[in-house]
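Right, one structure below, let's go through it.
No lab work stands behind these numbers, since they all come straight from the coordinates. Computed from a predicted model, the values in this text were never measured in an experiment. Note: ideal-geometry Cβ built from the backbone for every residue, glycine included; neighbour counts use all protein chains shown.
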Amino acid sequence: MASTPQPNHRTTEDQNPSRPPLSLPRSLRYFLFAILSFTIISLGSSLVARWLNLGLPYTFPGLFGPRSFLADFFVFRERFYLFGTQAFFHRLEDFMYPPAMVLPIEAFYATSHPFWGFFILLLASGVFFTLCFFQVLRQRGLAAPTAALVAFSVAIASYPYLHLLQRGNTEVFIWIGVTLGLWSFYRGHYAWAAICFGLATALKLYPFIFFSLFLPRRRYREIVLGAFITVALTLIALRALSPDIAYAFHWDLNQLQAFGKYYAASTWDLGYDHSFFGLIKFVTLPWQPDLTPLIRPYTWLVAVTCLALYFGRIWKLPPANQILILSVLSISIPPVSYDYTLLSLYAPLAILCVLALRLPDDQQRILIPYFLLFAVILTPQSYIVFHGARFGAQLRALCLLALLILALRKPLPAEATAA
């Protein structure tokens with residue numbers, strides 16, 4: 001098998017401050033126009049709906065919704081004020097995460113102002129990644145005003161982040177781990193990438209798929225390191241839950257099973273579920289079947305399909321394609337995947353921007369379909385509402401499927417991923 005191209009590293013050209021600043025590539029101009037246009041249309045439709053008393057579309061996180069501020073974090077309040085007592089385990093199912101998630105949540109609830117502390121983390125993470133994106137664009141030759149325009153436009157048009165900021169969801173921890181891990185991997189810092197993937201996998205299961213990035217490079221030590229981080233953090237969390245680790249494990253397992261029972265086959269939140277299984281739920285909605293028996297066969301079918309895709313195709317693709325494909329799979333193959341998980345797409349988006357700044361103008365058309373699909377997926381879609389029913393998630397699922405097929409079929413230019 002031919003050797004896999006290595007991730008992109010800074011070149012002498014990147015480090016030369018005397019280079020004239022680059023103009024914005026054509027593909028990025030298309031992307032900028034698309035995200036701003038879709039956001040303006042969405043905001044306009046939300047304001048018109050409010051003016052005409054047609055309701056407040058939840059799909060635009062303009063902080064219009066009453067009692068929605070930090071609602072996803074607020075739901076843990078009663079349980080985590082009982083942390084360390086037996087009463088912690090007696091509440092109804094409202095903690096449907098792997099055990100390690102108790103650690104960051106309890107870290108905030110142990111403070112005197114958990115909600116403000118968590119909100120500051122949400123704000124800081126958005127500012128941090130925006131500044132990092134700006135710095136990446138600057139290092140690749142964009143003038144400061146142009147780089148600031150792109151970074152700020154992506155930030156204000158970011159539906160997943162604004163939604164996260166409004167609802168206060170714990171997906172912020174996964175976003176931080178996955179984004180730092182993917183960028184570390186792309187820059188060749190494999191040990192740091194493994195640590196980040198291990199932390200993210202301990203908090204929520206789906207980032208484990210990124211360990212497969214190490215296989216074509218024979219980085220088996222990094223896989224072991226990441227798995228060790230996941231297991232160690234899980235054991236620490238179980239011990240923090242209870243001196244009886246086995247009891248804590250079975251309790252958490254019941255919580256995870258409750259998630260499948262209440263959400264995986266449910267259609268009540270279908271407008272925000274961009275999983276591929278959500279498309280099945282959408283197509284079968286007129287007959288309202290009970291899809292619970294399909295969840296296990298679907299999971300096995302997806303696992304076999306992904307293995308066949310990986311060893312038959314993904315394995316041989318350039319790193320940028322691998323990162324993009326695995327990012328899409330990580331947020332679309334679970335039986336249910338809500339809008340917060342779209343945050344994991346910002347690392348591959350940043351990598352695409354880096355590639356755009358490296359390609360000559362006559363090759364920019366290669367990236368335009370990628371950017372247009374990202375523009376649809378990552379912007380608000382409050383205009384995709386018919387007769388009170390929201391279909392934004394289904395449009396996103398179709399775009400994710402198109403993005404997956406595109407990345408599988410068309411390798412990104414080798415020049416952009418050469419060391």
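Which helices count as membrane-span-like in the chain under these terms: full DSSP H, at least 27 Å along the axis by C-alpha, Kyte-Doolittle mean of 1.0 or more? The partial results should precede the final answer.
On the way: long enough: 26-51 (37 Å, 1.07); 114-139 (37 Å, 1.52); 220-241 (32 Å, 1.60); 292-312 (30 Å, 1.11).
Within the chain the helices that satisfy the rule are 26-51, 114-139, 220-241, 292-312.
Which shape class applies to region 308-347: rounded if a/c is under 1.5, otherwise prolate when a/b exceeds b/c and oblate if not, where a ≥ b ≥ c are the square roots of the Cα gyration tensor eigenvalues?
Values: a/c = 6.10, a/b = 1.61, b/c = 3.79.
Oblate is the answer for region 308-347, as a/c is 1.5 or above yet b/c matches or exceeds a/b.
Mind sorting TYR97, TYR338 by how few other Cβ atoms lie within 10 Å of their own Cβ, fewest first? Can you show the working numbers first?
On the way: TYR97 18, TYR338 22.
If I rank by nearby Cβ atoms, fewest first, I get TYR97, TYR338.
Quote the charge dipole size of the chain about the Cα centre in Debye, to the nearest 20; the model charges only the Cβ of Lys and Arg (+1) and of Asp and Glu (-1).
On the way: 30 positive and 18 negative charges, 172 e Å.
Roughly 820 debye, rounded to the nearest 20.
Along the charge dipole of the chain, Cβ charges K/R +1 and D/E -1, which of HIS113, PHE311, LEU367 sits furthest on the positive end?
It is LEU367, whose Cα lies furthest towards the positive end.
Under 8 Å for C-alpha pairs, at least 6 residues apart: give me the relative contact order for region 28-417, rounded to a whole percent. Before the final figure, lay out each step's value.
Working: 476 pairs, mean separation 98.5, N = 390.
The value is 25 percent.
List the relative contact order of region 166-234 as a percent without decimals, with contacts defined as Cα pairs under 8 Å and 6+ residues apart. Could you put the intermediate results ahead of the total?
Details: 70 pairs, mean separation 21.1, N = 69.
For region 166-234, the relative contact order is 31 percent.
Enumerate the lysines that LYS204 could reach by cross-link, defined here as Cα to Cα under 18 Å, with residues fewer than 8 away along the same chain left out.
LYS261
If the only charges are +1 at each Lys and Arg Cβ and -1 at each Asp and Glu Cβ, what is the size of the charge dipole of region 273-406 around the Cα centre, to the nearest 20 debye? If you can, show how the numbers build up before the last one.
Values: 8 positive and 5 negative charges, 38 e Å.
The calculation lands at about 180 debye.
Please work out the Cα center distance from region 121-200 to region 205-234, rounded to the nearest Å.
For region 121-200 versus region 205-234, the Cα centre distance is 21 Å.
Beyond 34 Å, what share of the Cα-Cα pairs of region 28-417 is found? Please give it as a whole percent.
On the way: 21386 of 75855 pairs.
Considering region 28-417, 28 percent of its Cα-Cα pairs are separated by more than 34 Å.
Using the Cα centre of region 28-417 as origin and beta-carbon charges of +1 (Lys, Arg) and -1 (Asp, Glu), tell me which of PHE391, SER337, LEU355 is placed farthest towards the positive end of the dipole.
LEU355
Once a ≥ b ≥ c are taken as the square roots of the eigenvalues of the Cα gyration tensor of region 237-343, is the result rounded (a/c under 1.5), prolate (a/b larger than b/c) or oblate (a/b not larger than b/c)? Walk me through the numbers on the way to the answer.
Numbers: a/c = 1.97, a/b = 1.17, b/c = 1.68.
Cα axes put region 237-343 in the oblate bin.
What ranking of TRP175, TRP192, TRP116, TRP287 emerges when the number of other C-beta atoms within 10 Å of each C-beta is taken as an exposure proxy, fewest first?
Numbers: TRP175 26, TRP192 16, TRP116 12, TRP287 6.
Result, fewest neighbours first: TRP287, TRP116, TRP192, TRP175.
Could you tell me the center-to-center distance, by alpha carbons, between region 325-358 and region 254-295 in angstrom?
The two parts, judged by their Cα centres, are 22 Å apart.
Compare the peptides 137-144, 24-31, 245-252 by average per-residue count of other Cβ atoms within 10 angstrom and give them in order, highest first.
On the way: 137-144: 17.6, 24-31: 20.6, 245-252: 15.5.
Result, highest mean Cβ count within 10 Å first: 24-31, 137-144, 245-252.
Please arrange CYS399, CYS132, CYS196 by how many other C-beta atoms lie within 10 Å of their C-beta, fewest to most. Provide the component values of the computation, followed by the final result.
Working: CYS399 19, CYS132 15, CYS196 25.
Ascending number of Cβ neighbours within 10 Å: CYS132, CYS399, CYS196.
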